[in-house]
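Read-outs: derived from the displayed coordinates by stated rules, not from any lab. Owing to the predicted nature of the structure, the values given are computational and were not obtained by experimental measurement. FYI the Cβ positions are ideal-geometry reconstructions off the backbone, even for glycines, and counts take in every protein chain you see.
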Amino acid sequence: MYKVETYKFRYKGITAADIKTIDVPGEQVGFEFEIYKDDKFWPELPEKFYHGASNNDEILQELEMELAAFFKTKEDALQTAINMIEGLLNKYRKQGVFWDDLKKNK
């Protein structure tokens, strides 16, 4: 038996992904995520990065993050999932469509 909790993640005010934590009692916590397809805001995000997990070596290498497949707490797992998703969206987002980009261009 294990516990799964689902969270909605917003990136710069846009609903961007679902994150699921997977907690097996007496063991560590992992996560999975799914980024929503959005051709307006992150059209260049490769298909292979729309789905990920705490043990996804390819995403970790892409973002130059260290592998930590499982975590002691749900909070640590969630923070790492957020870091992975933000890292991907920062890297592949379309420039000029978010408020901070508009401010920089003025």
Among ILE82, ILE35, ILE14, residue whose mean-square fluctuation peaks in a GNM of the chain (springs only between Cα atoms under 10 Å): ILE14
Projected area averaged over orientations for the chain, convex hull of C-alpha atoms, nm²: 7.0 nm²
FRET efficiency, 1/(1 + (r/R0)^6) with R0 22 Å, evaluated for GLU44 and LEU67 via beta carbons: 0.30
Proximal aspartates and glutamates to LYS74, defined as alpha-carbon separation beneath 19 angstrom and excluding residues fewer than eight positions away on the same chain: GLU5, ASP18, ASP23, GLU27, GLU32, GLU34, GLU66, GLU86
13 Å beta-carbon shell around ALA53, net charge (K/R +1, D/E -1): -3
Rounded tilt (10° steps) of 74-92 against the dominant C-alpha axis of the chain: 30 degrees
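Greater than 18 Å separation of Cα atoms is the criterion. Which listed pairs, LYS8/LYS72; LYS12/LYS40; LYS37/LYS94; LYS20/LYS94; LYS8/LYS91, meet it? If you can, show how the numbers build up before the last one.
Working: LYS8/LYS72 21 Å; LYS12/LYS40 13 Å; LYS37/LYS94 13 Å; LYS20/LYS94 26 Å; LYS8/LYS91 20 Å.
Violating the 18 Å Cα-Cα cut-off are LYS8/LYS72; LYS20/LYS94; LYS8/LYS91.
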